[in-house]
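This report concerns only the one structure given below.
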């Protein structure tokens, strides 16, 4: 009976064909099987999937996702993330995405920057960078341009925020105060080497262009002040033109031309008012130094090097690097610190006084030239304040 059943099964298999490819069923296949191989079974599944309608399922799935995305908030600004954003979106816009990644990189940097691994990786990176910059001038120029743009953006951001500017100045002052004498000497050497490495074009871009912009800003501020005084009926502004005893012909360069804007019919009064304000500012901002300190400053800068804005900024370095043979009997480190602590406006006043002195010293004795130049000492020998 069993043998007869097995023969019957074999006959059934031999007469059956695959539902997909139409081929014969393989020997030993299950009598109930309808497909001859795994490939045909996969083809069956594909055909069934193509016949099914998944639109309703997809609609429900999208609605669930939409409701879930409706309550997602941006990690940076806190606004709602758009509904059409990806499922993994953490920010609402490209700008917030960039800021989010900056914050993550900043956090990672602060966590790793003091580790030995970070120092080793940084040293290796800087070595490769310096090597490439030395061998590829185009790449070096690209890096310099990127650094300049970053510095411009940083200075603009600091200038626009008074609180941030005050914090930056305090932080820089704290860093300088914490320096050892060796570190200060190294900083001075780096500053001098950097300035000596600048080309003429770089000096024009860094110092002279900025100087012209500052001059225009100062002229605009002076113009606003004079306009205010004119509206208030200031008697000093009315008498400026009358006080002029002689006429002069002068060349009106870009700064003076900018100062004349709005005052084309009052140029004489405009020039005299600017001069009066300038004299008043110089008198108010002139550094208060001792007689011997002023003597040292006048002698060190007798060659007119302060005419360069860069030299004016690093006037303290010029004094520190000058050979001191005991001529003035000064505490030179103290003088260096006093000059270094001066603001830019005070340095401009010092430069004006030095110019006046050397233009007067030929026709007057030294003490009279110092008086006429507007020098106020803190010694009794000059007949002024004796605070120290």
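Worth pointing out:
- Distance between the stretch 336-364 and the stretch 127-191 - C-alpha centres, whole angstrom: 28 Å
- Seen through its C-alpha gyration tensor, with square-root eigenvalues sorted a ≥ b ≥ c, the stretch 286-382 comes out rounded because a/c lies under 1.5.
- Per-selection metrics, the stretch 66-174 (Cα): Rg and Dmax in Å: 19.7, 57
- Gyration tensor (alpha-carbon) shape descriptor, the stretch 141-213, a/c threshold 1.5: oblate
Rule-based calculations on the coordinates, nothing more; no lab input. Since we're looking at a predicted model, the values are computed, not measured.
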